Every structure is written in C-alpha cells, then in structure tokens.
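What follows is a short report on a single structure.
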Amino acid sequence: MSAPARVAAPIFGDAKPVSWPGRTPTTHSVHGIDVSRWQGTIDWPTARANGVSFAFIKATEGGDRSDPGFEGHWRGAAAAGVPRGAYHFYYFCTSPEIQANWFIANVPRERGALPPVLDMEWNAQSPSCRHRPEPATVRAQAKTFLDILHSHYGQRPIIYITPDFWTENQMWLLQGEEVWLRAVTRHPEEAYPGAAWSFWQYSGTGLVPGINGPVDLNAFAGSPEAWAAWVAARSL
C-alpha cells in the first residue's frame, strides 16, 4: 500500500535547463518522476527525501514487451513510501484488447497504488510498429483500452500525451478523461490552451539525488492539500 501523500520540496537539477517563459515548474508544489529500466537502480528513500512525491513506472509496451526494471522500481518505491502507478506504452499494430490484457497480466491490482497510465505518442524509433491510424481510430482504441483497465483496477486510467499527438488526434474530444501532458519549453496552459490536466511532464533531463543520470520530471496541478485529496480519491 502507498504511504500517505506526504510532500517534500523538490531539490532537483536539470542537465539542460530551460529559460521558462510565463509560469514555471516552480509555481507548482508537488513534483515526481517517471522511470523505466534506463534509470537502473534507484535509491528511493533518497529520492523521496529530495522531493519525489510520486512516481509512474513503465511496466509494459505493446502486446508482448515488459520492462525489466518494473518489479524492482515498483517494490522500491513502495518500500520508501512513494505513491506509484504503472504505465503502458501503446502500439498501434496490436489491438487495444491484447495490450490491456498484457498490462493486466504484468501489473498487480494492489491496494494503494496510483491509477494506471496509458502512454500514447508517436514513436518513429519503434522496432516493430510505425503505423499511424486516423484520429477517430486512435481515440476509439484509447477508450477501449481505458475501459478494460477501469473495469479491472476499479480506477479510470490517466492518459499521457505529447503536444503533436494531442493536436493531430484531437485528444480533447475524449471528454472526461484525466490527462498528463508533456511540455518541456512552456507551461501546459500555453502548450495546450484550455486543456484541464492533472500532471505535467516538464523535463526529460532532470537530475534527482538517488538516481544516476537523467530522469523525467513532473508536477501535479494542485496544492499539497489537493494532492492528498487526489491520492485518497484515485488510489486503487
């Protein structure tokens, strides 16, 4: 079970700092990370003490790939009291049903975990799938995947989206879904005008004590009090 949603001020650096126009990440109080095998072994207690208030951990990809770092990160974050959820990287060459069931086979339905995440973005480097369906198909597949995970885990998943994917697929038409938006040079209110969001990925080159090398940095949209309420309402 995840620990209470305690928040520490982030003591993060950045290998490629940005001169932010308008609102900056520091205007938000609650920060976290997303990780995969590429972060290697993480000192989770140190990361938490230095401001990692949540973590999203890569679990699966497509219909047959699992991240070898998932189990260690999943256990380590929980042991350190870091609220954590798992994410799936979507492939458009495999049905949403197969991908949803693959995620379910690899990610435990564990009380206190954060809701699952569906990562939807174009990936030109994919070794097996570079297909780009038309927007209505993208949205329909997303809904199918989300519905299956919602039924299994009892919480509606979050959707992670990049700026080009958001625009090209008119993802705002998936009304009522909770989103996590990437914007590494400007605030989401500028990059996604009018969009309601819960999480903002603001860097892919963050430096966090307890983690060797760069890591993605994220902010929660609300106050520490709002974060505590969100965790209480959205945990499995």
Legend entry - Given (1) open to solvent by less than 30 Å² (accessible area, probe 1.4 Å); (2) more than 30 Å from residue 80 (Cα to Cα); (3) assigned to a helix (DSSP H, G or I); (4) not small (Gly, Ala, Ser), number of the condition residue 133 does not satisfy: (3)
Inset, instruction - Would you check if residue 60 is under 23 Å from residue 222 (Cα atoms), of a type in the set (Ser, Thr, Tyr) and at pLDDT 95 or above? - result: no
Legend entry - Answer residue from region 79-93, given it is at pLDDT 95 or above and either among the basic types (Lys, Arg) or open to solvent by 30 Å² or more (accessible area, probe 1.4 Å) (or both) and is nearest to residue 117 (Cα to Cα) among those: 84
Legend entry - Test for residue 45: is it out of contact with any helix residue (DSSP H, G or I) (no Cβ under 6 Å at 6 or more places or on another chain), open to solvent by 60 Å² or more (accessible area, probe 1.4 Å) and not in a loop (DSSP other than H, G, I, E, B): yes
Inset, instruction - Please tell me if residue 72 is farther than 30 Å from residue 187 by Cα, open to solvent by 10 Å² or more (accessible area, probe 1.4 Å) and at pLDDT 95 or above. - result: yes
Inset, instruction - Could you tell me which of the residues 100, 136, 142, 77 is closer than 26 Å to residue 224 by Cβ and small (Gly, Ala, Ser)? - result: 77
Inset, instruction - Please enumerate the residues belonging to region 72-94 that are part of a helix (DSSP H, G or I) and either farther than 24 Å from residue 150 by Cβ or under 15 Å from the mean Cα position of the chain (by Cα) (or both). - result: 72, 73, 74, 75, 76, 77, 79
Legend entry - Check on residue 56, closer than 21 Å to residue 165 by Cα, open to solvent by less than 20 Å² (accessible area, probe 1.4 Å) and within 17 Å of the chain's Cα centre (by Cα): yes
Legend entry - Any pair with Cβ under 6 angstrom, 6 or more apart, that starts in region 142-170 at a residue that is more than 16 Å from residue 180 (Cα to Cα) and ends at one that is at pLDDT 95 or above and assigned to a helix (DSSP H, G or I): 144/96; 145/96; 145/100; 148/100; 149/100; 152/104
Legend entry - Top-ranked residue in region 15-42 [being under 24 Å from residue 78 (Cα atoms) and either β-branched (Val, Ile, Thr) or modelled with pLDDT under 95 (or both); ranked as surrounded by the fewest Cβ atoms within 10 Å (Cβ to Cβ)]: 41
Legend entry - Matching residues, region 179-196, being assigned to a helix (DSSP H, G or I) and open to solvent by 50 Å² or more (accessible area, probe 1.4 Å): 189, 190
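The values are calculated or read from the model by the stated rules, or taken from the named source; none is laboratory data. These numbers come from a predicted model, not from an experiment. A quick note on method: Cβ atoms are made from the backbone with ideal geometry, for glycine too, and the neighbour counts reach across all protein chains shown. Just so you know, the surface numbers come from the protein's heavy atoms only, side chains and all, with ligands and any DNA or RNA stripped out. Shrake-Rupley method; radii C 1.70, N 1.55, O 1.52, S 1.80 Å.
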